[in-house]
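Here is the structure we will look at.
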Amino acid sequence: MTMKRKRPGSGGTTKLAICTAIVGALALGLLEISVPFQSSYRIGRRLSGVVDQQYLDVTGGCEIKRPANPPHSVQPTWAASYPGSGAKLSWNLITALSGLPTTDDRRINGLDWHKVISVKTHFPTRRTVDVSSIDKIHFPRALLILRHPKDAIPSYHNHLYEKQNGIAEHSTRAPLGDWIRWRDANFYEQMEEWKSHIEYWLDTYPNGGLDGDRLVVTYEGITDDIYGPTHAHALARFLDKSEGVDTVELDEGKVACVWRRIVKYKDIAADEELDGGKKTKWRRLGNNLRNLSGSLYRRSSRRRKTKERKQVDPSSHRSGDSFRPYTNEQLDFMIERLEQLRMKYMERNDDIVMVLESYLDVTRLFRAVNGGSGQTDPNTIFQS
């Protein structure tokens, strides 16, 4: 049976438009409650102050330098994520905010752990280094990077597709047919791994918040056009508490500037190109950002030249169709696992439950829009 993707103007447009309006509010709610601050922190009041001049003027006033090895030992922080949840982005942002190098659990760039500010890991997902035997004395804190599984799982598949076909990393999405075949063979296992990954890090580092031993950052929040700087500032404050770390940028205006140069550098390039500005400068900046992480994320890419400003998909810099459908049964399973997590950590005194509830709201809405077809694009309900 040939599957047809719903396009604007096709049947069900009215229902999709209504759901789009609802999801706009849901997405805002997710971004508001997933900012990982202390429980005494009032999200609404803090976010109301985000859109002021220091956050709007984020195209200058900061400099991205190559990381320098610290002259003394540093107590590193785990940067844990399920594959496809923004490890590369987090790696670059942490380095830019701190001026210190990072590495991964394989020490792929040859750096010792006591000379880096964070260590990337996907444990306990399969085919990763087992770090469970490493004493918390050496890693007293962890950063847990979350991304909705409906987006993280396809992103992980894109990575596998690139690797299997000798394609540059973070450059190409797998064709739709490849996604569906892989999805049907691996979805349930991957959803369990996504769940187990969260459980391991929440159980190992149970005290959430800026003053705790674990901070939760959502990929959706860190890439948001409006609230991204607030998430980046929370990340900077958490890293600044690490023993031996004294170089983290904490000025809110400069953090916002660093965030934009790292997370939104393609938007900056588009602005400069549209204005007939210094295109070479921003192309060089983009190359520098990709090289911040060293050999782990070294890749080649082509910049698409645009004659007019285009909206950049915050979920990926890959080219290709982002249409990634799920069956109703798979969505029901996703909802079931998210609900299990929510119930397990209901008593936690941090924002992890609110993040899970937001993921649940989004998935349930997607399931409702999906109806009986099982072919709705999960991204279309977020488009205006």
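The values are calculated or read from the model by the stated rules, or taken from the named source; none is laboratory data. What you are looking at is a predicted structure, and each value in this text was computed from that prediction instead of being measured. Every residue, glycine as well, gets a Cβ built from its backbone with ideal geometry; the counts of neighbours run over all protein chains shown. Heads up: the accessible areas ignore ligands, DNA and RNA and are worked out on the full protein's heavy atoms, side chains in. Shrake-Rupley method; radii C 1.70, N 1.55, O 1.52, S 1.80 Å.
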With criteria (1) among the hydrophobic types (A, V, I, L, M, F, W, C); (2) within 19 Å of residue 323 (Cα to Cα); (3) open to solvent by 30 Å² or more (accessible area, probe 1.4 Å), residue 179 comes up short on (3)
Of the residues that sit in the range 132-144 and are surrounded by 16 or more Cβ atoms within 10 Å (Cβ to Cβ) and of a type in the set (A, V, I, L, M), which one is farthest from the chain's Cα centre (by Cα)? 134
Since residue 205 meets every condition but one in (1) touching an Asp or Glu at 6+ places or on another chain (Cβ under 7 Å); (2) over 17 Å from residue 76 (Cα atoms), which condition does it not meet? (2)
With the condition kept exactly as written, say whether any residue in the range 233-248 is in a loop (DSSP other than H, G, I, E, B), touching a residue at least 24 places away in the same chain (Cβ under 8 Å), aliphatic (A, V, I, L, M) and under 27 Å from residue 352 (Cβ atoms). yes
Residue check: is residue 73 of a type outside the set (Asp, Glu), over 24 Å from residue 259 (Cα atoms) and in contact (Cβ under 8 Å) with a residue 60 or more places away in the chain? yes
Given 124, 71, 101, which one is farther than 28 Å from residue 192 by Cα and in contact with a helix residue (DSSP H, G or I) (Cβ under 7 Å, 6 or more places away or on another chain)? 101
Starting from residues that are β-branched (Val, Ile, Thr) and open to solvent by less than 30 Å² (accessible area, probe 1.4 Å), keep the ones in the range 192-224 and report whichever is nearest to residue 358 (Cα to Cα). 218
Within the range 155-176, take every residue that is among the small types (Gly, Ala, Ser) and within 15 Å of residue 86 (Cα to Cα) and give me the one that is modelled with the highest pLDDT. 155
Could you list, in sequence order, all residues of the range 367-384 that are out of contact with any helix residue (DSSP H, G or I) (no Cβ under 6 Å at 6 or more places or on another chain) and either under 30 Å from residue 206 (Cα atoms) or modelled with pLDDT of 90 or more (or both)? 368
Counting only residues that are open to solvent by 30 Å² or more (accessible area, probe 1.4 Å) and among the β-branched types (Val, Ile, Thr), the range 225-253 contains a total of 2
